Structure formats: C-alpha cells, structure tokens
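Structure first, then comments.
The values are calculated or read from the model by the stated rules, or taken from the named source; none is laboratory data. Treat the numbers as computed from the prediction; the structure is a model and nothing was measured. Glycine gets a Cβ as well: all are built from the backbone with ideal geometry, and neighbour counts include every protein chain shown. Surface accessibility is based on the protein's heavy atoms, side chains included, excluding ligands, DNA and RNA. Shrake-Rupley method; radii C 1.70, N 1.55, O 1.52, S 1.80 Å.
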Amino acid sequence: MTPRTLRAIPPAQADLALAALRDLRPHAPQTASPDALRAFLAQTEAEGYRLVGAFTPGQPEAVAVAGYRVMNLLYAGTVLYVDDLSTRPAARGQGHAAALLAWLEEEAGRLECAALHLDSGVGEDRFTAHRQYLKAGLNITAHHFSKRLGHGEQR
C-alpha cells in the first residue's frame, strides 16, 4: 500500500492541486495558472466547492485531487457531488482515487448526505475511471445531456 495523507486544500494553496486538475482539464482556463485556479476557488467558494488531495511523502504537490460540493436536489435530496477527480499519471494504480472516493463517502456521511454523485465523460480513455467508480460502489443511474449555448466558456 502506498503511504498517503488525505487533507483539504484551501484556496490559498491552490498550487498544490493545480497539476492534478490540469491533467484532468488541460484546456480549462481555470487550470492555466495558480492565480486562475485561486480565482476559480474564490468564485465557487460560496457554492461550496472544496478540494481534497492525496499527498505522498517527499511530494509537495497532491498526487490526486477531488473537487466536490454539497447540493440539494429535488429528485435526490442532499448529495455530495464530485465535480473533479484526478490522479497524476505517474501515481495511477496506487489506490489514491480509491482512497479519495472512500474519504468523499465518509464526508458525505458526516454531512448527512443521502448519496454521493459524480458525472464522468465517455470514451475509451475513461474506461479505467469507470471501473474505479463501479468498484467503489457507484452505479450508472442516468445519462447526462448538455447543449452548448455559445455564452461564456464551456468547461
């Protein structure tokens, strides 16, 4: 088992999460720099968006990161929604995502959430992530639909 510590990453320490988030969302303007990520975190703090990271000895940056928030949904009640979950390529296969998912599930319980939710993109490059989610006990319960409207930036 790879030794790791899981801990919250406050907005002031956004640079610790940047590399992992950039691996997941390389074209997002919010991952262009530590300042851009800090600005995003400041903007979404009121919405409850938070980061938690997996850290290994001797590595100052998080090797894996999850971005999450609590949401109240008419159809599902109070849920912990995982916006982002990413492990650095060199750290994949070492249990970091599983550890973060377990932490998120515990956090959802602590916050008295009815469920843990996340959306995941589709395609062959996502199969490993999908297996991870299914192994963690998440089920495929819906299709997610979207439509570009041409206003603002799509992420």
Which condition number does ALA98 fail, the rest of (1) touching a strand residue (DSSP E or B) at 6+ places or on another chain (Cβ under 7 Å); (2) under 15 Å from ARG7 (Cα atoms) being met? (1)
Taking LEU73 as meeting all but one of (1) closer than 19 Å to ALA8 by Cα; (2) of a type outside the set (Ser, Thr, Tyr); (3) free of Cβ contacts under 8 Å to residues at least 24 places away in the same chain, write down the number of the exception. (1)
Among all residue pairs at least 6 apart or on different chains, which show Cβ distances below 7 Å where the first residue, located in the stretch 51-65, is aromatic (Phe, Trp, Tyr) and the second is open to solvent by 10 Å² or more (accessible area, probe 1.4 Å) and in a strand (DSSP E or B)? PHE55/THR5; PHE55/ARG7
So in the stretch 81-140, with the set limited to residues that are out of contact with any Lys or Arg (no Cβ under 7 Å at 6 or more places or on another chain) and of a type in the set (Ser, Thr, Tyr), which one is surrounded by the most Cβ atoms within 10 Å (Cβ to Cβ)? THR87
Taking the stretch 57-94, which residues are in contact with a Gly (Cβ under 6 Å, 6 or more places away or on another chain), outside any loop (DSSP other than H, G, I, E, B) and under 17 Å from THR31 (Cα atoms)? VAL65, ASP83, ASP84
How many of the residues making up the stretch 52-74 are farther than 19 Å from ARG92 by Cβ, buried (at least 20 other Cβ atoms within 10 Å of the Cβ) and of a type in the set (A, V, I, L, M)? 0
Scanning the stretch 23-45 for residues that are within 21 Å of LEU104 (Cβ to Cβ) and free of Cβ contacts under 8 Å to residues at least 40 places away in the same chain, which turns out surrounded by the fewest Cβ atoms within 10 Å (Cβ to Cβ)? GLU45
